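Written below as structure tokens is the structure these notes are about.
What follows draws every value from the coordinates through simple rules; no lab data is involved. Note that the structure is predicted; figures quoted are calculated from it, not measured. Every residue, glycine as well, gets a Cβ built from its backbone with ideal geometry; the counts of neighbours run over all protein chains shown.
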Amino acid sequence: MTIQVGEKIPALTLKRPTSDGGIGDVTTQEVFGGKRVVLFAVPGAFTPTCSAKHLPGFIEKADEIRAKGVDTVACTSVNDAFVMGAWARAQNAGDKVLMLADGNGDFARALGLDFDGSGFGMGARSQRYAAIVEDGVVEALFVEKPMAFEVSSAEAVLSKL
């Protein structure tokens, strides 16, 4: 069952790349507790739409999003923290986007936003979506139709803030 507006983000631990090239744990409570967060998810780091449009849009619009009262802009994908760190460096994300690695897909599954990408040789993945989360509670959710990139872009989310 897909998480709904008004529901709380599940308590889980994700991984994040660290500034020294390592990985660290971060809980959903640490990411979302007491904060307003724009979270977006991509099917895979370094994939075409994710690298050409989705992540770059949020990097470019991060300051405008924060100006609307958002504390954190976060990206999650079913990739390991090393891949997420390399992708952030390749995209010059700096500190504009918090990269959250969901290596085993536990977070995507807990939100009911996972899908089977085996037909594409990708295994279990996250659907493409964006959410506005206030103190751990989903305030707005924008889930893309398969193969689409419309409602979860930085521009689309910015227009809803």
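For segment 103-161, a residue qualifies if it is touching a residue at least 24 places away in the same chain (Cβ under 8 Å), under 25 Å from GLY33 (Cα atoms) and among the aromatic types (Phe, Trp, Tyr), and the qualifying residues are PHE107, TYR129. Quick check: is even one residue across segment 32-39 more than 12 Å from the chain's Cα centre (by Cα) and among the β-branched types (Val, Ile, Thr)? No - not one qualifying residue is present in segment 32-39.
Look at THR13 and say whether it is over 20 Å from VAL157 (Cβ atoms) and without any contact (Cβ under 8 Å) to a residue 24 or more places away in the chain. Yes; evaluated as a whole, the condition is true for this residue.
If the condition is being in contact with a strand residue (DSSP E or B) (Cβ under 9 Å, 6 or more places away or on another chain) and either touching a residue at least 12 places away in the same chain (Cβ under 8 Å) or under 16 Å from VAL151 (Cβ atoms) (or both), then segment 58-67 contributes PHE58, ILE59, LYS61, ALA62, ILE65.
Just wondering, is there one or more residues in segment 2-10 that are of a type outside the set (D, E, K, R), farther than 12 Å from VAL97 by Cβ, loosely packed, with under 13 Cβ neighbours inside 10 Å and free of Cβ contacts under 8 Å to residues at least 24 places away in the same chain? No: zero hits.
Taking the criterion of being in contact (Cβ under 8 Å) with a residue 60 or more places away in the chain and among the aromatic types (Phe, Trp, Tyr), the only residue of segment 68-102 that qualifies is PHE82. Within segment 116-126, is even one residue in contact with a Lys or Arg (Cβ under 8 Å, 6 or more places away or on another chain), surrounded by 15 or more Cβ atoms within 10 Å (Cβ to Cβ) and under 18 Å from ILE23 (Cβ atoms)? No, segment 116-126 contains no residue that is in contact with a Lys or Arg (Cβ under 8 Å, 6 or more places away or on another chain), surrounded by 15 or more Cβ atoms within 10 Å (Cβ to Cβ) and under 18 Å from ILE23 (Cβ atoms).
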